[in-house]
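Structure first, then comments.
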Amino acid sequence: MPAAPFAAPPPARPGRTAGLVAVAALLVLALAATAIALGRSPDTPVAASPSTSAGKGSGGQAGTTSSTRRTAPSTRNPGLTIPGLPTPSAPSGPKATPEEIKAEVLELQRFVAERRGLSFKNDVDVQVLSAADFKARVRTEFEKEKDDLARKGRVYKALGIVGPDVDPTEAQLSLLGDGVLGFYDPATDVLVVRGERITPFWREVVVHELTHALDDQQLDLQRPDIDQRTDGSEWAYLALVEGNAKRIENDYVAQLDADDQQTLQSEMLQLGLEQMGALMSGSLTLALIQEAPYTLGEPFVRAIERNGGNAAVDRAFGDLPTTAEQILHPEKYTAREGAKEVAPPDVPGTATGDGVLGEYLTGVMLHTGGGVDNLGDLLGQLLDGQIDPSTMDEQQLTDMLGGGLTAIDTPDGWGGDRYVTYTEGSKTCIRVDWVWDTDAARRSFLRDLTTWATTDGKGKIESPGGDRVRLTRCA
């Protein structure tokens, strides 16, 4: 994931489809964070473009508005002035020739190999596609994962992570289509990247994917058995893979000169504007979830690196993390503290799937509800003055956004969990059982869950067996 200058920071496999590893960035999150930051400074204007529509949209798509608020800026002409930042701009100039692409990739390979402490066994085949062709290719690849996205979508819907009007499968596909910027396929050893011009942003994306290619050549990223799991270890593996690539990527960005840094930020802002449509009527929280293996994986990998360099990172690919808790708390990985066994809870309807939420998604759930989780609503309310961030403290901003643009404070002492999704009439439901490391941790979580359920009004809480906490919720 390219490092966004303002990006705030899930279990999903947003960067994988049949073994694919991708670089993904919902840079529109940076724009929303920027709008909030500007709103907190009374002396910094946020100007609406004269072309901004004040009428109603149609079909519930991007740009839809109600009679009580103005449409947020269009993606074609966003109309946001962002003082102190480069003007957003798309790459220009002649397209790179195959010879130029090859020479550039070889130079970037040298950087990746030196920083990673490994050698490429062979040069990487890089395919360059136009933005339109690349987006179509990504959409086709992720359509193959529609069943898995639907399984996750039922969890998000039942827990209230997405609203009743959001199609969670289509929302995930839309975010992936706009957010993925490059991918490496271990099955074919091909790296595919968006963009036909060599720019700082293009180089950043290629460095991320070359790290995947190098790891694959030396450590083998094809782990089909892991792809089939739903016990949380598949997400932990993804966080390791993407976190390592993001580590090298960000090290590359850090050594760019000031001009390249400025150009990079301008390109990223332009892409953020292009991505805005995916979140105008979608979910900020889903974007947060898809970003998490990158944003949470990198600190995990850096913790390993501090304790043993690249050699320790290499060993982690053989001795894999198994839980989100280990990613969030590297000391748990060092101690090899795994998940406690939890049996799937019985459900009163027709089961449609089961798995593990893990510590991270449990935290996302607790931060969901009552906040603004739609970019169109957020920007519209900011522009109309319905939201005045300058009067809010950090906690109030967190509550307003429902965690959508802020770090998730996950519950301490997670021991293990198991969920089952099911249908009850026309409702999508979930039942989750959690166990905790200590009774104190269980009681603390029970208080937090009770507060959340009281606010939400849809969840039923029980304590079967005395050592578990159970949530049943239908949407």
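The values are calculated or read from the model by the stated rules, or taken from the named source; none is laboratory data. None of these values were measured; they are calculated from a predicted model. All Cβ positions, even for glycine, are placed from backbone atoms using ideal geometry, and neighbour counts span all protein chains on display.
Among the numbered conditions (1) surrounded by 20 or more Cβ atoms within 10 Å (Cβ to Cβ); (2) aliphatic (A, V, I, L, M); (3) at pLDDT 95 or above, the only one that ALA292 does not meet is (3).
Looking at PRO299, PRO321, PRO344, just one residue is within 29 Å of ARG470 (Cβ to Cβ), surrounded by fewer than 18 Cβ atoms within 10 Å (Cβ to Cβ), at pLDDT 95 or above and not assigned by TED's automatic domain parsing to the domain that holds GLY415, and that residue is PRO344. Is one or more of the residues making up segment 266-287 within 21 Å of VAL112 (Cα to Cα) and touching a Ser or Thr at 6+ places or on another chain (Cβ under 9 Å)? No, the conditions are met nowhere in segment 266-287.
Here's a check for you: in segment 92-119, which residue that is among the basic types (Lys, Arg) and either closer than 18 Å to LEU264 by Cβ or touching a helix residue (DSSP H, G or I) at 6+ places or on another chain (Cβ under 7 Å) (or both) is surrounded by the most Cβ atoms within 10 Å (Cβ to Cβ)? Filtering first and then ranking leaves ARG116. Does segment 129-149 contain any residue that is assigned to a loop (DSSP other than H, G, I, E, B), over 22 Å from GLN228 (Cα atoms), out of contact with any Phe, Trp or Tyr (no Cβ under 6 Å at 6 or more places or on another chain) and modelled with pLDDT of 95 or more? Scanning segment 129-149, I find no residue that is assigned to a loop (DSSP other than H, G, I, E, B), over 22 Å from GLN228 (Cα atoms), out of contact with any Phe, Trp or Tyr (no Cβ under 6 Å at 6 or more places or on another chain) and modelled with pLDDT of 95 or more, so the answer is no.
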